[in-house]
Structures are given as C-alpha cells and as structure tokens.
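Some notes on the structure that comes next.
The values are calculated or read from the model by the stated rules, or taken from the named source; none is laboratory data. Predicted model, so just to flag it, every value in this text is computed and none were measured. Neighbour counts are summed over all protein chains in view; Cβ atoms, including those assigned to glycine, are modelled from backbone coordinates with ideal geometry. SASA here: full protein model, heavy atoms, side chains in, ligands and nucleic acids out. Shrake-Rupley method; radii C 1.70, N 1.55, O 1.52, S 1.80 Å.
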Amino acid sequence: MIRVITYGTFDLLHYGHIRLLERARALGDYLIVGVTGDDFDKSRGKINVQQSLMERVEAVRATGLADEIIIEEYEGQKIDDIRRYHIDIFTVGSDWKGKFDYLSAYCKVVYLDRTEGISSSEIRSHQREIRLGMVGMPEDLLKFHKESSFVNGVKTAGICTEGPAEELPEAFRGLPCVTQSYQELLEQSDALYILSHPSRHYEQVRAALEAGRHVLCEAPAALTAKQCRELFALAREKGCILMEGIKTAYSTAYYRLLLLAKSGQIGKIVSVDATCTRLAEDRSSGPEQLNRSWNSLCDWGPTAMLPVFQLLGTEWKEKQIISHFSDADPAYDVFSRINFVYPEATASIKVGKGVKAEGDLIVSGTRGYIYVPAPWWKTDYFEIRYENPAENRRYFYQLDGEGIRYEIVAFLKSIEKGRSSSYVEEEVSEAIAGVMEDFYSRRDTRTI
Ligand code: CTP
C-alpha cells in the first residue's frame, strides 16, 4: 500500500485545494492530510486565516478525499510524520518547488502543478475591504498604520488630525482623506481606529457608533464606568463592533500565561503585580505639551490592569491609588501605584512616564509563580517557577508586531461575524474606566 501525505492551511477551501487533494490521492492508496494549526500558521506569518482550525479540518473531511487528517503544529514536524506514518510519498503544490527537497532523504517528494488563478489569499482579498479611518497624532498612528498593512481586508482610508497636511509623515500623504474634520473622516470610513487624547475618546466613539461605524479605540475608551457602559450599549443598539484596544491582550505568550494560571499550574492565585514604565517623553516640555500627551495612568494603566482583572476579576473590595503629579500640570501623574484588595488575593500595579522601574509581571500562587521579564507587555517569553527549580518550565511564543496585527485581525473578524472576538472583556473595560473615574475625581487617591 502506497501512503501519501500532503499539508496545507486549506482556508476557505477552494477548487485549487480539491484538485490538489484529488491528485495527491491518485498518487497512492492512502492519503493523510496535515492541516496547519493556528499557532503554526501565525508563526510562519499567515495571520489572517479566516476559518478556525476546526472549520478547516471539517472542510477537508467533507471532501471525502482524506483517509486521515492530522494537525501540523511545529517546525520540523514533517520529518516526524513521515517516519511515524510510514509515508512513501510527500506531495505539495508547485508553489513550494524546491522547498521540501530535503524530505527526499525520507520518502519520495512530488510537486504537483498548482491550479492557476485561485488562492485563499485572493478570495480573502475579495471579501469586502474595510476602509479604516484613523484619529490621533500622526506620528503615534504610524505603528498601527504599518501593522495594518500586514492584514488583508483592511485599508487605511484616511486620517483626521489637527496639524497641517504638509507636516504629515510620508506614509500618510497619499491617503484618500486627510482632514481636520472628524465628521468627514466618518463619512469616508467603515470603521475607526481612535488614538486621540483619552479626554476625547467618549465623544468620538459615540459619534462614530451613532453614524453606524465600527470602532477600535485605544484604552481607556471612556473615563467613567457609566460612559463606558453607555458606549457598549450603543454599539449593541447600532449593530456595530466596539473593541477596546490593548495590544498585550493579543500577544500569544500573554494569552497562554492566562490559560496556564487559570488552569491551576501555580495553585491558587494570591497576588498579581504588574509594572509598566517608559521615560520616553521630554520632561522639559511645557504645560501645553503635557496637556496633549497621555498621563501615566491613561497611557499604561489599562495594560497594567489587564492581568489583574483577567486573573482576579473586577470585584475587588478595596483599592488605593497613590500618585505623584507633575509640577507643570496637576492632571499629569508622573507615577502612580494602585493596590487592589480582593477577598482572597491582592494586586498592585505601578505605572510611570517620569519614573523608571523594572517592567515585569509576577503572578504568585500557592504552588509557584509566573515570571514575565521586562518588557512583559510585549514579551514572547515567560517562566513558571517552583520551589524546586528542577520543575521550572519555560514558554516561548513568537510575537510579531507587538500584538497589534493580531488585534486588527480580531477587529476584522468581529466585523465580519457581527459579534465581538475581542480579547478584552467588556467588564474589564468597564472596570478600567471606573478606575480612571476614581483617579480623576481623586476617590481612593492619595498624592505624594
Ligand atoms: N494549491 C494548489 N492550487 C491553488 C492553491 C493551492 O494546488 N490554486 C495547493 C498548495 O500548493 C498546497 C495546498 O493546495 O499544496 C494547500 O495550500 P494553501 O496554502 O492552504 O492554499 P492557498 O490558496 O495557496 O493559500 P494562501 O493564498 O493563503 O497561500
């Protein structure tokens, strides 16, 4: 019996795939199809696969051409599979010609002609392209704009900015819409990315939702819990997606860490301690500059609070905010610390733009702890550590684009499916807005 194996993503299964599977099957008597797992696809740069692994497996199964379906999860697995399944022939489309010659040490390698004129990428790009409007300081928007170019199905339609058009960075010059009018940007967009000053978020998100536009707003989306609730309710009423942007939520390492912590790997979680600082800003700048920039709690608070609320929930019993404010601007905290007291746990966050500290994350439990080295908010690595170091485990996950491009993919998927695929739960957004509210009204707050 001749055993054949082939691999692919098989997203939005099309005629080209079916022809390939038919010919692969005809090469032998038994066909194994390896469908690539989501993580493996991500690590090799295929990030906006539309269908889940299960949907893709089901589609391949439904062709009736595969005798067996396996999942491809790691680099180098092909050699393992060929040995384990006693494969005689490895085959793929001719777009891979030469790439798998190294497998001929283990079995016969056959490249089948690729069917012309069709591909998953092309089908994806024909799905309606979302016109994305962006609001904020142009230099701040550059990173997001660049990351969106890695995701197909989205195009920057325009930018709303207060500065003169001549001063725009090169990347924005040719955009169809460069305007100072938010209304005009709304008219030219299907969805908005909002990175303006947090004091403007509420009105801008509201106006966008009222106009029936989807919104991805950098956290905090609102500065009071009530306003935050109101925005999510409005999004539901209008049938629009509202997502709060916290890129760390989309980092694979961070997401896996949450799952491991929640599944009891370190016992019962007793403490979450997160620190985020950056000394990038020019501290000599005057009040006007400070006014335009985000204070420490707005800038870093949502990221630092994310693991606290996602691991311990939002029902803390007490909290204390301790802030040190700038002499030039009493609304600008140079450094803030917040302590949360839960019935059976505690948490602390430290954020600063005028103070530097070790930016790590530690989740302490009754059996061990999770340690994420600085800068934990964009890490690809963490460790689970125990009393006996021999039991320690290290985890590494590829992270491209600091999580931003995965965040954009989640936003697009939400729009397509008509329901949120956000990794930031609504109650987390609301809790963040509630902390902001207390900070601005100086509730539970001490200044130093
Ligand atoms: N394939 C083919 N003819 C096509 C498209 C794909 O023969 N028109 C083959 C590929 O060569 C591969 C298998 O089908 O052996 C699975 O390919 P996959 O990468 O999943 O499909 P693509 O349509 O090429 O996907 P993408 O556009 O995302 O690269």
Looking at the structure I just gave you, is residue 304 open to solvent by 30 Å² or more (accessible area, probe 1.4 Å) and under 24 Å from the mean Cα position of the chain (by Cα)? no
When region 124-148 is examined, which residues are found to be among the hydrophobic types (A, V, I, L, M, F, W, C), within 22 Å of residue 167 (Cα to Cα) and not in a helix (DSSP H, G or I)? 132, 134, 135, 137
Restricting to helices (runs of 4 or more DSSP H) lying wholly in region 1-91: which have 3 or more residues that are more than 16 Å from the ligand (Cβ to nearest atom) and open to solvent by 30 Å² or more (accessible area, probe 1.4 Å)? 77-84
Selection within region 233-260 - under 18 Å from residue 432 (Cα atoms) and surrounded by 20 or more Cβ atoms within 10 Å (Cβ to Cβ): 242, 243, 244, 245, 246, 247, 248, 249, 250
In the set 104, 121, which member is open to solvent by less than 80 Å² (accessible area, probe 1.4 Å), without any contact (Cβ under 8 Å) to a residue 12 or more places away in the chain and part of a helix (DSSP H, G or I)? 104
Residues of region 193-232 being surrounded by fewer than 18 Cβ atoms within 10 Å (Cβ to Cβ), in a helix (DSSP H, G or I) and not small (Gly, Ala, Ser), in sequence order, are 200, 203, 206, 210, 226, 229, 230
Go through (1) in contact with a Leu (Cβ under 9 Å, 6 or more places away or on another chain); (2) among the polar types (S, T, N, Q); (3) open to solvent by 10 Å² or more (accessible area, probe 1.4 Å) one by one and return the number of the condition residue 181 breaks. (1)
For region 298-340, give me each residue that is modelled with pLDDT of 95 or more and of a type in the set (A, V, I, L, M). 304, 305, 306, 308, 311, 312, 321, 322, 338
Condition set within 16 Å of the ligand (Cβ to nearest atom) and open to solvent by less than 80 Å² (accessible area, probe 1.4 Å), scope region 124-166, selection farthest from residue 15 (Cα to Cα): answer is 151
